[in-house]
1. Condition first: surrounded by 14 or more Cβ atoms within 10 Å (Cβ to Cβ) and either under 15 Å from Ala95 (Cβ atoms) or modelled with pLDDT under 90 (or both). Now tell me which residues in region 118-137 satisfy that.
2. Given the residues Asp120, Asp111, Asp104, which is the only one that is of a type outside the set (Lys, Arg) and free of Cβ contacts under 8 Å to residues at least 12 places away in the same chain?
3. Counting only residues that are within 15 Å of Asn76 (Cβ to Cβ), give me the strands (runs of 3 or more DSSP E) lying completely in region 101-149 with at least 3 of them.
4. Checking the conditions here, which among Gly24, Gly34 is small (Gly, Ala, Ser), more than 23 Å from the chain's Cα centre (by Cα), part of a helix (DSSP H, G or I) and more than 30 Å from Leu141 (Cα to Cα)?
5. Considering only residues of region 37-56 that are of a type outside the set (Ser, Thr, Tyr) and either in the same structural domain as Lys131 (by TED's automatic domain parsing) or not in a helix (DSSP H, G or I) (or both), which is surrounded by the fewest Cβ atoms within 10 Å (Cβ to Cβ)?
6. With Lys103, Lys60 as the choices, which residue is more than 30 Å from Lys6 (Cα to Cα), out of contact with any Phe, Trp or Tyr (no Cβ under 7 Å at 6 or more places or on another chain), surrounded by fewer than 14 Cβ atoms within 10 Å (Cβ to Cβ) and among the charged types (D, E, K, R)?
7. Output the number of residues of region 73-100 satisfying the condition of being assigned to a helix (DSSP H, G or I) and of a type in the set (D, E, K, R).
8. Enumerate the pairs (first residue in region 34-53 and without any contact (Cβ under 8 Å) to a residue 40 or more places away in the chain; second residue anywhere and among the small types (Gly, Ala, Ser) and surrounded by 13 or more Cβ atoms within 10 Å (Cβ to Cβ)) with beta-carbon separation below 9 Å, excluding pairs fewer than 6 apart on the same chain, so at least 6 apart or on different chains.
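The values are calculated or read from the model by the stated rules, or taken from the named source; none is laboratory data. Fair warning: this is a prediction, and the values are worked out from it, not measured in the lab. We place every Cβ from the backbone using ideal geometry, glycine too, and count neighbours over all the protein chains shown.
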Amino acid sequence: MEVILKKDIPNLGFATDLVKVKPGYARNYLIPQGLAIMATEPNRKMNAETLKQKAFKEDKIRKEAESIAKQLEAVNVKIGAKAAANGKIFGAVNALQVAEALKDQFNIDVDRKKIHLDGDKIKEVGEYKAKVMLTKGVTVLVSFEVIAE
């Protein structure tokens, strides 16, 4: 029996996938739990339209992410931090401070959860790179400099 999944199910498939399962599994578990619908002709057409709309939205999001990535490649962010004479920072620079500096200096809004630093925290003055994962398949390296205030 073929069903269209409504939600991701481990070891079976992802949402909107058309999968073949045993009839008892579909009738007794997947359909009553709301995890799948029967793969009738109207449901297949509805699923095809959903996939088309989803692909259009993903394409739009990817294009926006690529334009932001081009902006991020060209910037050099400066982050000020209180530091000792030997270059050690009092505290640490983290992804939140990098995101705030991008917003303040260049008006580029990036979620702090999408910024990954080497070692997670930076504790010395110097130049570093942060990996920004904007969306699936669009990743950019942002260079930033930690300076003593």
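1. Narrowing region 118-137 to residues surrounded by 14 or more Cβ atoms within 10 Å (Cβ to Cβ): 122-125, 128, 130, 132-135.
Correct list: Ile122, Lys123, Tyr128, Ala130, Val132, Met133, Leu134, Thr135.
2. Working: Asp120 fails: free of Cβ contacts under 8 Å to residues at least 12 places away in the same chain; Asp111 fails: free of Cβ contacts under 8 Å to residues at least 12 places away in the same chain.
When all the criteria are applied, what remains is Asp104.
3. Working: elements: 115-117, 122-124, 126-135, 138-148.
In region 101-149, 126-135, 138-148 are the strands (runs of 3 or more DSSP E) which contain 3 or more residues that are within 15 Å of Asn76 (Cβ to Cβ).
4. Working: Gly34 fails: part of a helix (DSSP H, G or I).
Step by step, each of Gly24, Gly34 is checked, and only Gly24 is small (Gly, Ala, Ser), more than 23 Å from the chain's Cα centre (by Cα), part of a helix (DSSP H, G or I) and more than 30 Å from Leu141 (Cα to Cα).
5. Of the residues in region 37-56, the ones of a type outside the set (Ser, Thr, Tyr) are 37-39, 41-49, 51-56.
Next, only the ones that are either in the same structural domain as Lys131 (by TED's automatic domain parsing) or not in a helix (DSSP H, G or I) (or both) stay: 37-39.
Details: Ile37: 16, Met38: 14, Ala39: 16.
Out of the qualifying residues, it is Met38.
6. On the way: Lys60 fails: more than 30 Å from Lys6 (Cα to Cα).
After ruling out the rest, the residue left standing is Lys103.
7. Keep residues of region 73-100 that are assigned to a helix (DSSP H, G or I), which gives 73-74, 95-100.
Of the ones still in play, those that are also of a type in the set (D, E, K, R) are 73, 100.
Selection size over region 73-100: 2.
8. Ala36/Ala26; Met38/Ala26
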